Each structure stands twice: as structure tokens, then as C-alpha cells.
Amino acid sequence: SMDIVSITGSIFDRWGNQVFVNTEFPPNEENYGWDGSFKNSVMNPAVFAYWARVRFKDGTEGSFKGDVTLVR
């Protein structure tokens, strides 16, 4: 299997504002992910777009994009 080494990603609201970015963080580490807030304010439930570049253990990279729904 291709193990993930690190992720660089961004999350955007429906108007294209970047509400989260983090670079070169390890996978499955809750502290590095988005907590659903922007500028110290809790965001309302909505659909957000994401973009991520994933680096695998074998040195290859992949780009992924899609959407995620924030629920409360």
C-alpha cells in the first residue's frame, strides 16, 4: 500500500475565501486538521471546497479536490 507521509491542504468557503490552510502535516493527526472555525469564529454548517497535495512514502505526490460538509 502507498503510505502517506504528509499532506498540504486548503479549505475554501463558497465565495472562495480560504478558511483553513496547513502545510506538510502528518495524516490522521487531529491537531493538524480544520476545527470548523475561521478567524476564531465558529462557522455555520455549510459545504466547503478542499484541495490537498499528498506526498506518499515512495516519493510520489497526488492532488485531490472535492467538497466537505460542515455539520454541527
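The values are calculated or read from the model by the stated rules, or taken from the named source; none is laboratory data. In this text, all values refer to a predicted model and were calculated from it rather than measured experimentally. Because the Cβ atoms are built from the backbone with ideal geometry, glycine has one as well, and the counts that use them run over all protein chains shown. Areas reflect the complete protein model, heavy atoms only, side chains present, ligands, DNA and RNA absent. Shrake-Rupley method; radii C 1.70, N 1.55, O 1.52, S 1.80 Å.
The heavy atoms of residue 32 present about 100 square angstrom of accessible area, all protein chains included, probe 1.4 Å. With only Cα atoms counted, the stretch 1-51 has Rg and Dmax values of 12.1, 39 Å. Distance between the pseudo-spin-label points of residue 22 and residue 60 (7 Å out from Cα toward the beta carbon): 2.5 nm.
Using a cut-off of 15 Å between beta-carbons, work out the net charge of the residues near residue 50 (Lys and Arg +1, Asp and Glu -1, residue 50 not included). Net charge in that neighbourhood comes out at 0. Using θ = phi - 60° in the Karplus curve 6.51 cos²θ - 1.76 cosθ + 1.60, the 3J(HN,Hα) couplings for the stretch 16-23 round to x, 6, 6, 9, 7, 8, 8, 10 Hz; x is entered for Gly and Pro. Across the stretch 42-59, coupling constants 3J(HN,Hα) worked out from phi with the 6.51/-1.76/1.60 Karplus curve, θ = phi - 60°, read 6, 8, 6, x, 5, 9, 10, 8, 10, 9, 9, 10, 10, 9, 9, 4, 7, x Hz, and Gly and Pro carry x.
Remark on residue 20: its backbone amide H falls under 5 Å from those of 11, a criterion applied only to residues 5 or more positions apart or on other chains, H modelled at 1.01 Å from N. Extending 7 Å from the Cα toward the beta-carbon at both residue 50 and residue 6 defines two label points whose distance is 1.9 nm.
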